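Q: Got a structure for you, questions after.
Since every read-out is calculated from the coordinates, none of them should be taken as a lab result. If you're wondering where the values come from, they're calculated on a predicted model, not measured in any experiment. So basically every Cβ, Gly included, is an ideal-geometry build from the backbone, and we count neighbours across all protein chains shown.
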Amino acid sequence: MVSLDQPLLIVTDLDGSLLDHHDYRWDAASEWLARLKQNQIPLVICSSKTAAEIIPLQKKLGIAGSPFIAENGARIVLEAEERRSEGQGHAYLALCQQLKGLQADFRFTGFHDFSDVEVSRFTGLTLAEASQSRQRDASEVVLWRDDAARLDEFRAALHQHGLALTQGGRFWHVMPEGCGKGHALQTLQQHLARREGITRTTIGLGDGPNDVPMLECVDYAVVIKGFSKTPVILTRDDEENVYHTAHVGPEGWREGLDYFLAQPD
Ligand SMILES: [Mg+2]
């Protein structure tokens with residue numbers, strides 16, 4: 001069992017985990033958020049969302065300035081920083097060019113091809129949020145319109161360009177190979193350990209297949225019950241350190257921390 005008194009680091013996915021899959025609320029998790037803050041336990045967001053989406057959300061969650069992982073691991077933000085500028089990064093625009101070439105062979109649409117209004121319409125995000133979700137730095141979100149059986153072929157084609165495909169909650173994500181949530185978390189942990197001189201025990205929470213690399217490398221893993229048809233399957237053999245929740249979203253998030261963290265009194 002883990003105690004709130006030891007040096008901990010909580011790593012969390014957002015959609016379907018800390019945030020409700022449908023309305024993006026986190027009411028059920030509020031009590032734990034306050035308790036973590038009170039105990040000075042850092043909460044690291046590890047999400048497919050962009051830095052432009054995560055920074056305002058951190059403010060609302062009361063964790064502004066904490067390091068975080070964006071775009072499924074393709075972007076790591078270690079120190080508090082305001083976004084350099086509005087708009088899209090160079091690496092992202094180069095990636096979109098590569099994807100454009102592949103659209104001759106496969107039917108898919110990327111966020112780059114959509115407008116803010118279209119993204120807002122099919123995600124339920126507000127127009128401002130949709131715009132933030134399109135301010136990308138290093139990875140692309142893809143709506144797959146081709147036969148599901150052709151995904152392997154698409155994967156192979158991406159590999160030719162040094163790119164990898166990951167399944168998110170609603171979409172597919174294309175990013176450079178070798179930079180998923182797991183790699184990003186290890187980089188972030190090394191940075192924190194150097195800065196603080198201690199190695200924190202990690203508890204990770206996630207609900208989707210894109211969380212698997214992160215859930216494999218944390219000390220304690222909370223697999224939140226999800227909506228994805230693809231089950232979250234971990235290969236780690238320390239079953240006692242893995243907990244599967246009965247609840248979905250923030251209720252499951254709360255349930256997972258209740259399970260691993262000793263309650264005060
Ligand atoms: Mg999720």
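Q: Which whole-number percent gives the relative contact order of the stretch 138-211, counting Cα pairs below 8 Å spaced six or more residues apart?
A: 32
Q: Find the centroid of the Cα atoms in the stretch 197-265 and in the stretch 114-162, then give the distance between the two in whole Å.
A: Measuring centre to centre over Cα atoms gives 26 Å.
Q: Still on this structure, I have one more. All other residues with a Cβ under 12 Å from the Cβ of Val223 taken together, and with Lys, Arg as +1 and Asp, Glu as -1, what is their net charge?
A: Its environment carries a net charge of -4.
Q: Given contacts defined as C-alpha pairs under 8 Å and at least six residues apart, what's the relative contact order of the chain, whole-number percent?
A: 24
Q: Among Glu251, Glu71, Glu196, which one shows the biggest mean-square fluctuation in a GNM of the chain, springs joining Cα atoms closer than 10 Å?
A: Evaluated over the chain, the most mobile residue of the options is Glu196.
Q: Is the chain best put as rounded, prolate or oblate by its Cα gyration tensor, with a ≥ b ≥ c the root eigenvalues, rounded for a/c under 1.5, and otherwise prolate when a/b is larger than b/c, oblate when not?
A: Prolate shape, in that a/c is at least 1.5 and a/b is the bigger ratio.
Q: Would you mind working out the magnitude of the charge dipole of the stretch 90-176 relative to its Cα centre, with +1 at each Lys and Arg C-beta and -1 at each Asp and Glu C-beta, to the nearest 20 Debye?
A: The dipole of the stretch 90-176 has a size of about 40 debye.
Q: Using Cβ contacts closer than 10 Å as the measure, can you line up Cys96, Cys46, Cys179 from fewest to most?
A: Sorted ascending by nearby Cβ count, the order is Cys96, Cys179, Cys46.
Q: Would you mind getting me the FRET efficiency between Glu240 and Lys37? Use the beta-carbon distance for r and R0 = 30 Å, nearest 0.05.
A: That gives a FRET efficiency of 0.60.
Q: If each DSSP helix of 4+ residues adds -39,500 (n - 2.57) and the sum is divided by the residues in the chain, what number results at 222 nm, nearest 500 deg cm²/dmol?
A: -10500 deg cm²/dmol
Q: I need to check one value: relative contact order of the stretch 90-176, counting alpha carbon pairs closer than 8 Å and at least 6 residues apart, in percent.
A: Here the relative contact order equals 31 percent.
Q: Classify the stretch 90-176 as rounded, prolate or oblate from the Cα gyration tensor: take a ≥ b ≥ c as the square roots of its eigenvalues, call it rounded if a/c is under 1.5, otherwise prolate when a/b beats b/c and oblate if not.
A: In terms of gyration-tensor shape, prolate.
Q: Which of the three applies to the stretch 120-265, rounded, prolate or oblate, going by the alpha-carbon gyration tensor with a ≥ b ≥ c and a/c under 1.5 meaning rounded?
A: It comes out prolate by the Cα gyration axes.
Q: Here is a follow-up. If you keep only loop residues by DSSP, which chymotrypsin sites (Phe, Trp or Tyr not before Pro) in the stretch 190-265 have at most 15 other Cβ atoms within 10 Å of their Cβ?
A: Taking the stretch 190-265 and a limit of 15 other Cβ atoms within 10 Å, the loop chymotrypsin sites (Phe, Trp or Tyr not before Pro) found are Phe227.
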